1. Name the residues in region 443-475 that are within 19 Å of residue 366 (Cα to Cα), surrounded by 17 or more Cβ atoms within 10 Å (Cβ to Cβ) and either more than 16 Å from the ligand (Cβ to nearest atom) or without any contact (Cβ under 8 Å) to a residue 40 or more places away in the chain (or both), would you?
2. So how many residues does region 564-604 have that are closer than 30 Å to residue 128 by Cα and surrounded by 14 or more Cβ atoms within 10 Å (Cβ to Cβ)?
3. Restricting the first residue to region 428-439 and requiring it to be farther than 12 Å from residue 459 by Cα, which pairs with a second residue that is within 11 Å of the ligand (Cβ to nearest atom) and in a strand (DSSP E or B) meet a Cβ separation below 7 Å and a spacing of at least six or different chains?
4. Checking residue 335 against (1) touching a strand residue (DSSP E or B) at 6+ places or on another chain (Cβ under 7 Å); (2) more than 30 Å from residue 176 (Cα to Cα); (3) buried (at least 23 other Cβ atoms within 10 Å of the Cβ), which test does it fail?
5. Out of all the residues in region 421-442, which are in a helix (DSSP H, G or I) and more than 14 Å from the ligand (Cβ to nearest atom)?
6. Hey, among 579, 551, which residue is within 21 Å of residue 762 (Cα to Cα), within 16 Å of the ligand (Cβ to nearest atom) and within 25 Å of the chain's Cα centre (by Cα)?
7. Can you find, within region 309-323, the residue that is surrounded by the most Cβ atoms within 10 Å (Cβ to Cβ) among those that are in contact with a helix residue (DSSP H, G or I) (Cβ under 7 Å, 6 or more places away or on another chain) and assigned to a helix (DSSP H, G or I)?
8. Only one residue in 232, 266, 217 is more than 26 Å from the chain's Cα centre (by Cα), surrounded by 20 or more Cβ atoms within 10 Å (Cβ to Cβ) and more than 16 Å from the ligand (Cβ to nearest atom), so which one is that?
Ligand code: 26Q
């Protein structure tokens, strides 16, 4: 293709002066928002600034798109039901290098840029780790110049908002789109019809699917700009529109409800994100959402491919499709359907093409979270795909005669999405070394034997732009002052901090940076919760979804044991602690909700105990989200990563804490194993059973009873809870919970209690020795380079996608 030099030339100069930006902001305030500076609100100013910043993303974005076309680069398509983005304004501003210019410009308008930044609602289109990983990957792909599209759903309501009422979680709908969302461009011309249900008809010897329900998927594009604005990719989110506004024929027949069906389906499809990341529930609407995303994405991918190529056999040379867990695993059968039914390719060839394009990332081993669909539901919603799935399964059975009879995609009248995704992918990956091992050994042992080399590891990472540069200005400043700039896109360079760790002057500034963050957090806690906490206390933080395997219960039980000890010796030389919790429970997860209530009840008692005062506080701000994480992590002294070994696939919060100079107290689980390896045993508080020991211990049906009987502190704690010390108005509130710890302790809270209690004692000893602690904390930052998502994406690019940077 002929390159047009004029088109490649940027018309905006990124080295903006405040005056140029000021003029743009004022122009947007006036002509886009229609407001006069004299009576503009914070919202108006935020919109004006956002549009002015967005203008500057559009050019690298167009340039990237043009280059990808002109140079015919292979593209990556990341299919995910979740993108947990958080706020965009500050991230975009920093990646464009405009933070100082923007702050100065706003100051001249009499606005504090921080107020504008915090006025933006989080885009919370995800539950937790999996969704946030997708967002970090989008940023890293843009930074690395990897031509890529993210495909997801433009949920009208993201993850619910959480409030506490009497300590209990109450959910309210989230409505991030109530205000104008300035970061997206609607693309009504990019629209596809998505079918559901109906039947298969044979026409001219070929089988065709005639759906009985249809909706239109309409694209909304958000540019994702990488570090220093060198490249930008597209996050394309689909919203649902009815195919026909209204079925007049049905209406005229008097069938008024049926007449509105197309609208009803469209209105419900993209309405809300499923808030349960723990148990799949086989709901028809969820399956429809999954197919909606996947079919729209694949139609778009094929349309784009055919714009510049004609031979679909070459698809894998130009297209890599990554499935973020099994949620888009219908991509296998759908791609085969499009290639065979719509493009006339034979089944075997279509299967080969599809598999060469597809990769599958597994994020969980928990059996209750593995997606399985009743063949009844699956065959009803997607009848053609049911046929194709059966065909894939019998092809695989024939191609691999050694396959045991109990292995397969369709078993016991269920479609197993893990097996489907595995068989339809050329690479399957776990998300940490330990997890990938377990994917081989316990999740897909037979398929692994039949396809050695297909399962690989890709240890997760996080973007250091958002999680260090942006979230922790004081520490980022110190790093740049110490080793110069450039570490943001080359995080291994943090190793250059190591020699400075021995320098008392460096440690003093490191300490001051952490303290600055802690003071800010203490002020926020006071304002939000009315509780005073001392910035000199040790800030001990566990933030993540509430789940039994993550063991927030272990944390709060140990908090009680600690409180009990301090009370018995209030004059003792205790390290003051603030135990901070954050996280939401799935609305239907009763046990998780009970744990939330217990933490809040315990906080009520401890925070009002004059005997312990500043020595111990329990803080649980409601509605934990990405923005709250950005506030909490930089102010943390200790990172709680205490899951039952073998259960946490990777964890990514653990990496963010490490980068921000908070040592980990944790088990040998997920990426903790690799964190320990990088940082060294002296700088990590390791405790607890290993994954193998967990499996062994469970064989003893009395494991928890024995552990409790051997531990006086744990007995005391359980006794206090059972007596109603934390629920005086309802003393037996936690009888069920205490009973479960004694008799049904599947996640081995009791078995690991003493080891955890002892490790917390070690933390106190280490913290008292200021120099030891500061060295430890600084070494955590210095050795965190491996956990940049740039490293992860480089590895996906070479090991799975076979795609090169376009930069
Ligand atoms: C499935 C079916 C129906 C409805 C919802 C779901 C569903 C949704 C979300 C199932 C699972 C999830 C999310 C899983 C998740 O976040 N897993 C985490 O992924 C992280 C990134 O790899 C890991 O670091 C965490 O260890 C893992 O728990």
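1. 444, 447, 448, 455, 457
2. 26
3. Cβ pairs passing all conditions: 439/430.
4. (1)
5. 422, 423, 437, 440, 441, 442
6. 551
7. Filtering region 309-323 for residues that are in contact with a helix residue (DSSP H, G or I) (Cβ under 7 Å, 6 or more places away or on another chain) and assigned to a helix (DSSP H, G or I), the one surrounded by the most Cβ atoms within 10 Å (Cβ to Cβ) comes out as 315.
8. Within the list 232, 266, 217, the selection yields 266.
The values are calculated or read from the model by the stated rules, or taken from the named source; none is laboratory data. In this text the structure is predicted, and so the values were computed from the model without any measurement. Cβ: placed from backbone, ideal geometry, glycine included. Neighbour counts: every protein chain shown.
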